[in-house]
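Structure first, commentary second.
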Amino acid sequence: MTASTASTGTPAHDCTGNCERLRKDPASEPLPGLERLIDLDSGRLSRRVYWDQRVYEQELEKIFARSWLFLAHESQIPKAGDYVTTYMAEDNVIVVRQKDGSIKAFLNTCPHRGNKLNFTDAGNARGFICNYHGWSFGIDGALRGMAGQELFEASGMDRAEHGLHPVAQVASYKGLVFGNMDPDAPSLEEFLGDFRYYLDVMLDMDGEGTEFIGGCVKSEIRCNWKVPVENFIGDIYHALWTHDSAARAMLGGPVAEVYKDPDSYHVNVNGHGWEFNLDVVGNAATLGDKEIRKYLYGIQPKVAQRLGEFRSKMIGSISSVSVFPNLSFLPGQNTFRVWHPRGPGKIELHTWTIVNKSAPQDIKDRWLKGTMMTFSPSGVFEMDDGENFEFSTRTNAGFVTRQQDLYMGLGRGTRLDGSGLPGNVYRNQVNEANHRAFYQRWLDLMQARAWHEVPERDKPALPDSAFTYGQQAKEAA
Ligand code: FES
Ligand code: FE
């Protein structure tokens, strides 16, 4: 970029559009041969997806910079000026409640010389001041002032152009705040699609909503980010073996033999997946606290009234969930987590405990203790999983090893048509249907130059009004 300053009068801005181009790299061409990494018909997956640095760089651009990513729970930022700092992949962002109640998010970096702006995890602020030269920004991201302002003005700088870089789209679904870096991405509602039908099992049991309790636990695991996403999108298969000893400690016996459960499922929509059976409290039971089970049985009739009998049996059942690309949670165990990528071989895991807002305080406390005992860095199940995640990634350092394919064909031929449930539905939760759907979405995004090139595979069957449960009728009355 060339910029000249006239010797007298107002400095000229003669960059001829180069500064616009500097702001954003043009979309890169999709990596050649991506389609050879995945064969969904035979259920084969190349190990390159876990190890190749070029694949990872493309994921940052084509998956994470274009998908809706979880930013915060609304309960973390109830008042104007409340903020949290978090990540959208490797981009650090500030998420802040505005005076009008809306939520905005910005890159957590000063547009002057690039210093990190906010070093805290959460708080309340009237504005943000950079440590380096003291530029100050409002909670709306606008540049408010700087020392020696007149010198900048004399250099032809327009303050309005140098606010914090905003996350292009921010939206909430039932308490969960998501952001999307791509202004051309479809709405959050479209992105979640009919998966909202299942999300409501966790987020909308009684119309009172949910909240995070007890803060965020952070840890690092040396694994590729997709390994734990796969694990949570539908891998009950591992629990019977990996978690056998932990389950015996927590339950006093082995994990239920879900192979034989005739009433269990894999469902997926737009690459999001949920595997579950209908035993109401199977996951919750692993916390080893019968009061939590009693609570779930106690609210089940109310949930049945709101969401129907079928979904009321999912509230704490043996189940696990991943929302594309990197958000996961476990109903009943109530761990809620984001696997932030840190290169192809490492993640930073952020974990919270999510509960119904309306639950008694004693039950909330029990849940917090239960999630810490099971799914924290020292939790009995998390330790089991972490080692598998790390070595499922690490083995691919071997040049010859990484040329070998992996198998994810379990459950081919189990698709249920006409089940009456939304999305793609498969019989038996011991399945890899959700893994294949995740990688289909992954491939679709990795191969597309822009959102309009992403195929719409799962057309919505339910209208938006299907997720309000009589609220409109109530409001009309
Ligand atoms: Fe922030 Fe200079 S880098 S004020
Ligand atoms: Fe596990």
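Residues ASP41, ASP121 in ascending order of nearby Cβ atoms (within 10 Å, fewest first): ASP41, ASP121. The percentage of C-alpha pairs in the stretch 324-447 whose separation is greater than 22 Å is 55%. Along the stretch 57-72 the Karplus relation, 6.51 cos²θ - 1.76 cosθ + 1.60 evaluated at θ = phi - 60°, assigns HN-Hα couplings of 4, 5, 5, 4, 7, 8, 9, 6, 7, 10, 9, 6, 10, 5, 10, 5 Hz to successive residues, with x for each Gly and Pro. For a paramagnetic label modelled on LYS99 (point 7 Å from Cα along Cα→Cβ), amide N atoms under 11 Å away belong, within the stretch 137-151, to 139-140. When the Cα positions of PRO78, THR414, PRO254 are compared along the charge dipole of the chain, PRO254 comes out farthest toward the positive end, with charges on each C-beta of Lys, Arg, Asp and Glu. Mean sequence separation of contacting Cα pairs (under 8 Å, at least six apart), scaled by the length of the stretch 197-467, corresponds to a relative contact order of 29 percent. Ordering ALA466, MET181, ALA284 by Cα displacement along the dipole of the chain toward the positive end leaves ALA284 in first place; charges were set at the Cβ atoms of Lys, Arg (+1) and Asp, Glu (-1). Derived scalar couplings between HN and Hα for the stretch 377-382 equal x, 9, x, 5, 7, 4 Hz in order, rounded to whole Hz, by the Karplus curve 6.51 cos²θ - 1.76 cosθ + 1.60 (θ = phi - 60°), x for Gly and Pro. Taking amide H as placed 1.01 Å from N in the peptide plane, the amide H of ASN108 sits under 5 Å from that of ASN92, VAL93, ILE94, each at least 5 places away or on another chain.
Amide H to amide H, with H built 1.01 Å from N, ALA72 comes under 5 Å of VAL177, counting only residues 5 or more places away or on other chains.
Simple spin-label estimate for ASP244 and GLU161 gives 6.6 nm between the two label positions (7 Å along the Cα-to-Cβ direction from each Cα). The HN-Hα couplings worked out from phi for the stretch 187-195 by the Karplus form 6.51 cos²θ - 1.76 cosθ + 1.60 (θ = phi - 60°) are 4, 4, 4, 5, 5, 6, x, 6, 5 Hz, whole numbers, x standing for Gly and Pro. Ellipticity at 222 nm from helices only: DSSP H runs of n ≥ 4 in the chain, each -39500 (n - 2.57), divided by the residue count, give -8000 deg cm²/dmol.
Taken along its three principal axes, the alpha carbon spread of the stretch 197-467 comes to 53, 42, 36 Å, from the longest extent down to the shortest. Taking every alpha-carbon pair under 8 Å whose residues sit at least 6 apart, the stretch 195-309 reaches a relative contact order of 26 percent.
Peptides 454-462, 154-162, 176-184 ranked from most to least packed give 176-184, 454-462, 154-162, packing being the mean of other C-beta atoms within 10 angstrom over each peptide's residues.
Among the listed pairs LYS99/LYS302; LYS313/LYS357; LYS62/LYS226; LYS174/LYS302, those with a Cα-Cα distance over 25 Å are LYS99/LYS302. Selection among THR353, MET372, LEU443 by position relative to the dipole of the stretch 197-467 gives LEU443 as farthest towards the positive end (Cβ unit charges, Cα centre). By the beta-carbon count within 10 Å of each Cβ, the least crowded to most crowded order of LYS294, LYS62, fewest first, is LYS294, LYS62.
Need the C-alpha centroid separation for the stretch 267-324 versus the stretch 180-251, integer Å. So the separation of the two Cα centres works out to 13 Å. Here the contact order of the chain, divided by its residue count and restricted to Cα pairs under 8 Å and six or more residues apart, works out to 19 percent.
When each of GLU57, GLU150 is scored by the number of other beta-carbon atoms lying within 10 Å, the sequence from fewest to most is GLU150, GLU57.
Every number here is computed from the coordinates shown, using simple stated rules; none is lab data. The model shown is predicted, which means the values in this text are computed figures rather than measured ones. Please note: Cβ atoms are built from the backbone with ideal geometry, for glycine as well, and neighbour counts cover all protein chains shown.
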